[in-house]
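Undergrad: Have a look at this one.
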Amino acid sequence: MSELTVTLLRIGYLALLWLLVLSAITVLRRDLYGTRIIDRRRTPAPRAAGPAADAPPAAAEAPARPPRRSRSAGPSRLVVTEGPLRGTTLPLGSSAVLIGRAPSCTLVLDDDYSSSRHARLFPQDDQWFVEDLGSTNGTYVGDQRVEQPTPVPTGTPVRVGQSVLELQR
Amino acid sequence: MASIQPHRVRPGRGTELLLLVPALAIGVTGYVLAGIGVTDHVPGNAVGYAVGTTVLALVVHVVLRLRAPYADPVILPVVVALNGLGLAMISRLSLAYAERGRADSGFADRQLAWTAISVALAVVVLLLLRDHRTLRRYTYTAMVAALALIALPLLPVIGQTVNGARIWVRVGPVGMQPAEFAKIALAVFFAGYLVTHRDTLALAGKKVLGLQLPRARDLGPILVVWGASLLVLVGQRDLGTSLLFFGLFVAMLYLATERTSWVVIGLLLFVGGAAAAATTFGHVGARFDVWLRALDQDVYGREVGGSFQVVQGLFGMANGGLFGTGWGQGRPDLVPYAESDFIIASIGEELGLTGLLAVLLLYTVLAERGLRTAIGVRDGFGKLLAGGLSFVVAFQLFVVVGGVTRVIPLTGLTTPFLAYGGSSLVANWIIAALLLRISDEARRPVPVVRAVPTPDIGVPVAVAGRGEGTGRPVRSSARDVPDGTGPRPDDRPTEHLGGDA
């Protein structure tokens with residue numbers, strides 16, 4: 001075989017190898033560029049993680065504009081400030097929020113020190129109350145253990161297991 | 001902790017079929033070109049060879065279509081390409097040995113037979129194992145199996161010492177290295193054990209210098225396994241495998257607990273162990289000598305344990321240069337064990353740096369797919385198993401290529417999928433089948449269960465997504481939420497899909 005053929009075959013084979021590599025990477029490009037990773041530890045107040053189009057408008061734009069005045073400046077969201085789910089926010093509506101490890105809870109905590117149905121936050125008379133649902137380790141508002149429904153002012157830390165929650169405007 | 005937003009997976013296996021075309025072409029063209037390069041004519045069985053490898057790959061492809069329709073489309077083509085490349089290089093070396101009248105030249109056909117057996121076993125794994133979580137039931141069985149496999153070569157009659165390492169088992173004409181299979185069993189055991197004990201491993205214990213140290217009793221069983229395997233391996237004088245098990249152990253602990261302390265403890269233990277081994281065992285000390293002073297005349301000229309092999313491999317790769325000598329134009333057969341331990345050097349010589357980098361990138365893609373599967377799959381056991389298995393392939397490659405290129409001391413490990421050796425090929429195909437099975441689970445879309453708002457509890461919002469929605473973006477809309485009443489993993493996942501709005 002001539003020198004030229006050998007060289008062409010040599011280069012052609014290398015091109016074939018790289019063809020497979022590059023086409024495999026093309027298939028994976030959405031993994032490389034299309035995956036959104038949100039670090040919960042670095043961002044103190046993360047933006048909405050879900051696709052913006054799907055998020056309820058109040059929640060999606062909550063950081064951008066002041067909350068609606070309809071609830072007389074009450075808190076608009078529940079924020080987890082400490083614990084495994086730190087940075088998670090949950091929009092508050094007019095219904096109660098059930099907190100615990102059970103999948104049926106509104107806020108499902110991934111926290112070994114919380115009970116499956118740990119506590120309930122509910123609004124009454126323009127104020128939010130927290131009620132312990134017989135949890136093992138208790139619920140605390142500030143330093144006080146919750147024995148009966150206790151009002152939760154905006155910005156007061158509520159400890160559930162290892163997690164600390166807070167109501168924010 | 002980070003939350004990872006998955007994207008929608010395109011269904012269908014057309015991509016895989018398309019990728020299989022260049023993958024098969026790499027193997028077949030390599031085989032033909034190697035034949036032309038060494039003997040100046042196209043190998044007589046080239047058509048049969050092409051048909052055979054194509055059929056093998058298509059069988060796996062069809063089984064995947066039937067039994068794992070969502071499995072990752074890239075894993076199979078990459079594995080087929082690597083295996084084909086290895087077969088081509090092995091047949092090229094076997095031709096060269098025959099040309100120069102060496103007796104041990106019939107190994108290309110044996111490797112081809114092993115390929116067929118490996119593919120058959122991978123298909124059996126895919127067919128029999130419908131759900132990878134079944135393996136979790138055999139956590140402790142896997143532990144016993146791993147220990148038994150590791151100890152097998154030490155048995156008097158069937159165990160054999162080859163080149164100073166007692167890692168072979170020979171029954172009649174069939175020999176195998178049980179340690180290759182032990183690594184799968186160990187990965188299953190570590191995954192099953194750590195998924196139930198990771199909380200105590202991660203949370204309980206003292207903090208020293210910013211490192212969370214685990215309690216001794218949580219570590220007990222796992223240290224026993226690890227210590228036993230290392231003891232046996234030092235007894236068998238096979239340091240590559242012991243390094244591999246150690247790496248697997250540390251990596252899976254880190255995956256399970258997310259504690260940097262494990263990596264630090266592991267590295268410290270390893271440095272201590274390596275130093276102790278280098279001073280105690282003569283052959284380990286010799287390996288360090290070869291690594292650090294490979295080009296010294298006295299090390300090069302040593303009768304036993306010299307640097308001849310490593311240096312010949314380096315010369316071969318230097319001869320290859322950027323674009324290689326071309327199939328059959330170099331002299332990779334001058335390196336001892338060019339078809340097994342030093343197949344990377346053979347590829348580096350004939351395909352050059354360009355080809356070697358492509359091969360390394362193929363491994364990178366394979367490992368990336370495995371780790372991506374680990375992120376995507378919903379149960380903790382699957383995460384740990386996929387992570388551990390892809391780590392073990394990547395780490396084994398690192399140890400081999402690092403040894404051949406003098407980045408780390410040379411240890412006797414096989415290059416996954418490429419190198420000559422039945423046990424290694426079978427074990428790695430089984431790993432590929434397991435990864436395919438887990439990735440099918442990871443990429444399968446979750447049936448969406450609509451949440452019904454109840455006045456008492458409120459509207460469920462997927463905040464701590466317990467595994468929902470890997471196949472599709474997690475919705476944070478209040479009325480379109482998988483509320484987790486669908487199929488539920490049997491343990492807690494490690495990731496939290498962010499549906500926080």
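The values are calculated or read from the model by the stated rules, or taken from the named source; none is laboratory data. Bear in mind the structure is a predicted one, so any value in this text is a computation, not a measurement. We place every Cβ from the backbone using ideal geometry, glycine too, and count neighbours over all the protein chains shown.
Undergrad: If B:Ala251 satisfies every condition in (1) farther than 23 Å from B:Thr200 by Cβ; (2) in contact (Cβ under 8 Å) with a residue 60 or more places away in the chain but one, which is the exception?
TA: Going through (1) farther than 23 Å from B:Thr200 by Cβ; (2) in contact (Cβ under 8 Å) with a residue 60 or more places away in the chain one by one, B:Ala251 breaks only (1).
Undergrad: Find the residue count for the stretch A:105-146, including only residues that are part of a loop (DSSP other than H, G, I, E, B) and over 22 Å from the mean Cα position of the chain (by Cα).
TA: Residues that pass the stated criteria total 11.
Undergrad: List, please: which pairs have Cβ atoms under 7 Å, are six or more places apart or on different chains, and start with a residue in the stretch B:230-245 that is within 15 Å of B:Phe398 (Cβ to Cβ) and end with one that is modelled with pLDDT under 75 and outside any helix (DSSP H, G or I)?
TA: B:Thr241/B:Ile167
Undergrad: Out of all the residues in the stretch B:453-472, is one or more crowded, with 24+ Cβ neighbours inside 10 Å, more than 30 Å from B:Gly313 (Cβ to Cβ), at pLDDT 95 or above and out of contact with any Ser or Thr (no Cβ under 8 Å at 6 or more places or on another chain)?
TA: No, because not a single residue in the stretch B:453-472 is crowded, with 24+ Cβ neighbours inside 10 Å, more than 30 Å from B:Gly313 (Cβ to Cβ), at pLDDT 95 or above and out of contact with any Ser or Thr (no Cβ under 8 Å at 6 or more places or on another chain).
Undergrad: Let me ask you something else. Give me the pairs: first residue in the stretch B:45-58 and farther than 20 Å from B:Leu18 by Cβ, second residue crowded, with 21+ Cβ neighbours inside 10 Å and of a type in the set (Ser, Thr, Tyr), beta-carbon distance under 8 Å, and six or more apart or on different chains, which are they?
TA: B:Ala46/B:Tyr31; B:Tyr49/B:Tyr31
Undergrad: Among the residues of the stretch B:164-198, what is the count of those that are of a type in the set (Gly, Ala, Ser) and assigned to a loop (DSSP other than H, G, I, E, B)?
TA: Qualifying residue count for the region: 2.
Undergrad: Can you name the residue in the stretch B:26-76 that is charged (D, E, K, R) and closer than 24 Å to B:Leu436 by Cα and, of all such residues, is surrounded by the fewest Cβ atoms within 10 Å (Cβ to Cβ)?
TA: B:Arg65
Undergrad: Another question, if that's okay. So for the stretch A:127-137 (the condition being of a type in the set (Gly, Ala, Ser), in contact with a Pro (Cβ under 8 Å, 6 or more places away or on another chain) and away from chain B (no Cβ under 13 Å)), does at least one residue qualify?
TA: no
Undergrad: If I ask for residues that are modelled with pLDDT under 80 and crowded, with 16+ Cβ neighbours inside 10 Å, which ones from the stretch B:278-298 would you list?
TA: Within the stretch B:278-298, B:Ala278, B:Val284 meet the criteria.
Undergrad: Something else: If you scan the stretch B:166-199, which residues turn out to be aromatic (Phe, Trp, Tyr), at pLDDT 90 or above and over 17 Å from B:Leu230 (Cβ atoms)?
TA: B:Phe181
Undergrad: Further question: Only one of B:Thr134, B:Thr161, B:Thr139 is surrounded by fewer than 22 Cβ atoms within 10 Å (Cβ to Cβ) and either among the acidic types (Asp, Glu) or not in a helix (DSSP H, G or I) (or both). Can you tell me which?
TA: Of B:Thr134, B:Thr161, B:Thr139, the one residue that is surrounded by fewer than 22 Cβ atoms within 10 Å (Cβ to Cβ) and either among the acidic types (Asp, Glu) or not in a helix (DSSP H, G or I) (or both) is B:Thr161.
Undergrad: Which is away from chain A (no Cβ under 14 Å) and assigned to a helix (DSSP H, G or I), of B:Leu413, B:Leu436?
TA: Answer to the selection: B:Leu436.
Undergrad: Is at least one residue of the stretch B:375-392 outside any helix (DSSP H, G or I) and of a type in the set (Gly, Ala, Ser)?
TA: no
Undergrad: Quick one: which helices (runs of 4 or more DSSP H) sit completely within the stretch B:265-373 and have at least 1 residues that are touching a residue at least 24 places away in the same chain (Cβ under 8 Å) and over 27 Å from B:His41 (Cβ atoms)?
TA: Qualifying helices (runs of 4 or more DSSP H): B:282-292, B:308-320.
Undergrad: I'd like to check something: does the stretch A:82-95 contain any residue that is in contact with a Gly (Cβ under 8 Å, 6 or more places away or on another chain), modelled with pLDDT of 85 or more and closer than 18 Å to A:Gln162 by Cα?
TA: Within the stretch A:82-95, none of the residues are in contact with a Gly (Cβ under 8 Å, 6 or more places away or on another chain), modelled with pLDDT of 85 or more and closer than 18 Å to A:Gln162 by Cα.
Undergrad: Restricting the search to the stretch B:324-343, which residues are within 17 Å of B:Val400 (Cβ to Cβ) and surrounded by 24 or more Cβ atoms within 10 Å (Cβ to Cβ)?
TA: B:Pro332, B:Val335, B:Ala338, B:Glu339, B:Asp341, B:Phe342, B:Ile343
Undergrad: Residue under question is B:Gly235, and the condition is that it be modelled with pLDDT of 80 or more and under 30 Å from B:Pro153 (Cβ atoms); does it hold?
TA: Here the answer is no, as B:Gly235 does not meet what is asked.
Undergrad: Condition test on A:Pro56, is it modelled with pLDDT under 85 and surrounded by 18 or more Cβ atoms within 10 Å (Cβ to Cβ)?
TA: Yes: the conditions hold for A:Pro56.
Undergrad: So is B:Ala81 surrounded by 21 or more Cβ atoms within 10 Å (Cβ to Cβ), out of contact with any Gly (no Cβ under 9 Å at 6 or more places or on another chain) and at negative phi or not?
TA: When the stated conditions are applied, B:Ala81 does not pass them.
Undergrad: Something else about it: Out of all the residues in the stretch B:91-117, which are small (Gly, Ala, Ser) and either under 17 Å from B:Ser424 (Cα atoms) or under 23 Å from the mean Cα position of the chain (by Cα) (or both)?
TA: Within the stretch B:91-117, B:Ala108, B:Ala113, B:Ala116 qualify.
Undergrad: Would you check if B:Val271 is of a type in the set (A, V, I, L, M, F, W, C) and more than 18 Å from B:Pro153 (Cβ to Cβ)?
TA: When the stated conditions are applied, B:Val271 passes them.
For (1) in contact with a strand residue (DSSP E or B) (Cβ under 9 Å, 6 or more places away or on another chain); (2) facing chain A (nearest Cβ under 10 Å); (3) at pLDDT 95 or above; (4) under 24 Å from B:Ala338 (Cα atoms), each residue gets a yes or a no:
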site	(1), (2), (3), (4)
B:Pro6	yes, yes, no, no
B:Arg10	no, yes, no, no
B:Pro43	no, no, no, yes
B:Gly48	no, no, no, no
B:Arg67	no, no, no, no
B:Arg92	no, no, no, yes
B:Gly101	no, no, no, yes
B:Phe107	no, no, no, yes
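Undergrad: Hey, among B:Ile343, B:Ile375, which residue is over 16 Å from the mean Cα position of the chain (by Cα) and under 18 Å from B:Gly27 (Cβ atoms)?
TA: B:Ile343
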